[in-house]
Amino acid sequence: MRNAEVAAVFYEIADLLELQGVAFKPQAYRRAASAIEQLDIDIEKAVQDGSHRNVPGVGEAIAKKIEELVGTGRLDYLERLRSEVPPGLLEVLAIPDVGPKTAMLLYSELGISNLAELKEAAEAGRIRDLKGFGDRADERILRGIRTLESKGHRALLGEAAPVAADYLTHMKSRMSLDQISICGSLRRGKETIGDIDLLVGSNDAGRVTEAFAQYELVDQVIASGSTKTSVSLEGGFQVDLRVVEPASYGAALQYFTGSKEHNVLIRKIGVEKGLKVNEYGVFERTTSEKVAGEDEEEVYEALGLPWIPPELREDQGEIDAARDRRLPRLVDATEIRGDFHIHTDWSDGSETIKDIAIAAAAKGHEYIAITDHTRNLAIANGLSPQKLRHQIDAVRTAEEELEGRVRVFAGTEVDILGDGTLDMPSTVLNGLDVVIASVHSRLKMERREMTERIVRAIESGLVDIIGHPTGRIIGRRDSALMDLEKVFDAAEANDVAMEINCFPDRLDLKDVHCRLAKEKGVTVAIGTDSHSARHLDYIGFGITTARRGWLENGDVLNTLSAAEVEKRLGGRRA
Ligand code: DGT
Ligand code: CA
Ligand code: CA
Ligand code: ZN
């Protein structure tokens, strides 16, 4: 069971208790839920060694419930509460501005026990008649329902990418295909994906469509036509397939990659040049003569533009930059020589130093930094000063045993404490090659206090990289409040790098923040935050994020060689 799932159970309990009019207890459950959400380590692992009892807000009763949940996958108490309150009321509670009191009132006065019934009542204008609701209550509720419905579900880039890759493998195993690509938001590398789009260029649309529909993970064929087929997969993804003639493949690739906003501008340039641009090709308006279509690069060329990397196609100035021939030369995977953020079994990772180093060498890394937690993060088995000293020796020994296969830097991910000081004496930090400093506690500070806290860490003269700088977790936790410009200014002045944390639910810094960092002259360091060898592959999501942030070779610390990293970071600490 994942932390988010356990947290969700406690949030639901809080809501159900509130619906029953219970006081205080809901707050206690929410506090525990929020703490579990913010944990950096697996709750299952915490239960194994009993450290879930150290989580703030977790007392005896909640600790027992966590054990039951993790042990059995269910919770009696939750089942009982669910049986006492109409479950549909929780949907009602999800509407912005509808709290438990309102939900209960709607239930007791109008018998409304789910979202559909509420919508019906609001459309019929029955809610304004309730005492204390006012003339515009129906309108307000309907607006809230629309907001809720439009949110929908978006998957993480890191969830969608492997699903799409497997689908491509399936298609290629069924027939030989030269023209096949992922398009849409996934090709652009957005951090969340609405649905997966596949494009195939082929003269045999029938056979392609058949192969597509016969994928073993297809749950349902939602729509099937001659050019477009949509399926839903087990596990909930929707995948759209388009099949076009080979001569239109490049134009279709351009069109279905999007974004819509980028394409609007592309068509406008076409109009200025007397050209019509659509998914079939680029055509002379007057003669309908086709001037491009088979190749995506030709489509841009016909418009007088260089090819624009998909990650930039968001209407964020890329068209002007292309027109003026000042597109960035984006950093790419071949230029990334190492990984700056890796945990081992010394704290909450699962591999030994040597094993993860061997795995990193196999991925082609020239160097890695071992960066385990420090003691403030007790729940993650953070290292004491003495233990970190021992670990430095262990890193040196492991590196010797690896006989030059990969450089292993001794590092740490030290906690930035509430007042901005570091959770490790400088005497120990001075013995390290790489110091990441991260906020793992008290993320809800007010903006000025949080800004000062991080700036203090940056100015300590002990830190090389700020880890997951904003603390956001996609879909679960907003960024901590801070003045990012001030933080970046301090980072620039002190030559401290900002991390792109590659974990799919973090991607922190995110794309637009990377771009701001670049404008401020701040270097970015990509780190996977690996807790096991399979996480090393997350580096690709970090690189994609860097590219979406317009970063070039010189903006990214990981493009330096091991010797250059040593030189650059080595001078900071004594
Ligand atoms: P998503 O799926 O919400 O993460 O975002 P996209 O960008 O993948 O959007 P999607 O799947 O609706 O459509 C894929 C691409 O196809 C989109 O980026 C641009 C193109 N496209 C789809 N519908 C339209 C449209 O009505 N007009 C234009 N110009 N392009 C469209
Ligand atoms: Ca899509
Ligand atoms: Ca789509
Ligand atoms: Zn961390």
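The values are calculated or read from the model by the stated rules, or taken from the named source; none is laboratory data. Since this is a predicted model, take the numbers as computed values, not measurements. Cβ atoms come from the backbone with ideal geometry, glycine included; neighbour counts cover every protein chain shown. Heavy atoms of the whole protein, side chains included, go into the accessibility calculation; ligands, DNA and RNA do not. Shrake-Rupley method; radii C 1.70, N 1.55, O 1.52, S 1.80 Å.
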Quick one: the Cα spread of the chain along its three principal axes, in angstroms, biggest first? 78, 71, 45
Between their Cα atoms, which of Lys260/Lys290; Lys228/Lys273; Lys354/Lys510; Lys228/Lys510; Lys228/Lys260; Lys387/Lys486 are more than 26 Å away from each other? Lys228/Lys273; Lys354/Lys510; Lys228/Lys510; Lys387/Lys486
Taking Lys and Arg as +1 and Asp and Glu as -1, residues besides Asp433 with C-beta under 12 Å from its C-beta add up to +3
If I compute solvent accessible area with a 1.4 Å probe over the protein chains, what percent of it on the chain is carbon and sulfur? 47 percent
Can you check what the net charge comes to around Arg74, using other residues whose Cβ is under 13 Å from the Cβ of Arg74 (Lys, Arg +1; Asp, Glu -1)? -3
So what is Rg over Rh here for segment 155-244, counting just Cα atoms and using Kirkwood for Rh? 0.93
With the contact rule set at Cα under 8 Å and sequence spacing of 6 or more, what percent relative contact order holds for segment 3-151? 19 percent
Debye, to nearest 20: dipole size of the chain, +1 on Lys, Arg Cβ, -1 on Asp, Glu Cβ: 1060 debye
With only Lys, Arg, Asp and Glu charged, each at its Cβ (+1 for the first two, -1 for the last two), find how big the charge dipole of segment 204-247 is about the Cα centre; round to the nearest 20 debye. 160 debye
Inter-part gap, Cα centre of segment 43-93 to Cα centre of segment 253-275, in whole angstrom, is 51 Å
Pull out the extension gain between Met175 and Leu148, defined as 0.36 nm times the separation in residues minus the alpha carbon to alpha carbon distance; nm, one decimal. 5.5 nm
Any chance you could look up the accessible area of Arg405 with a 1.4 Å probe, heavy atoms only, rounded to 10 Å²? 150 Å²
In square angstrom, what is the accessible area per residue of segment 155-244 with a 1.4 angstrom probe? 43 Å²
For segment 185-193, what does the Karplus curve 6.51 cos²θ - 1.76 cosθ + 1.60, with θ = phi - 60°, yield as ³J(HN,Hα) per residue in whole Hz, taken in order and with x for Gly and Pro? 4, 5, 5, 6, x, 4, 5, 10, 10
The relative contact order of segment 333-573, taking Cα pairs under 8 Å that sit 6 or more residues apart, comes to a percentage of 20 percent
For n ≥ 4 DSSP H runs only, could you compute -39500 (n - 2.57) per run for the chain, divide by its residues and tell me the 222 nm figure to the nearest 500? -13000 deg cm²/dmol
Considering only DSSP states other than H, G, I, E and B, which GluC sites (Glu not before Pro) in segment 446-530 qualify as loop sites with at most 13 other Cβ atoms within 10 Å? Glu446
Relative contact order (%) - the chain, alpha-carbon pairs under 8 angstrom, separation at least six: 9 percent
Could you state how much accessible area Ser441 has, in square angstrom rounded to the nearest 10, with a 1.4 Å probe and all protein chains kept in place? 40 Å²
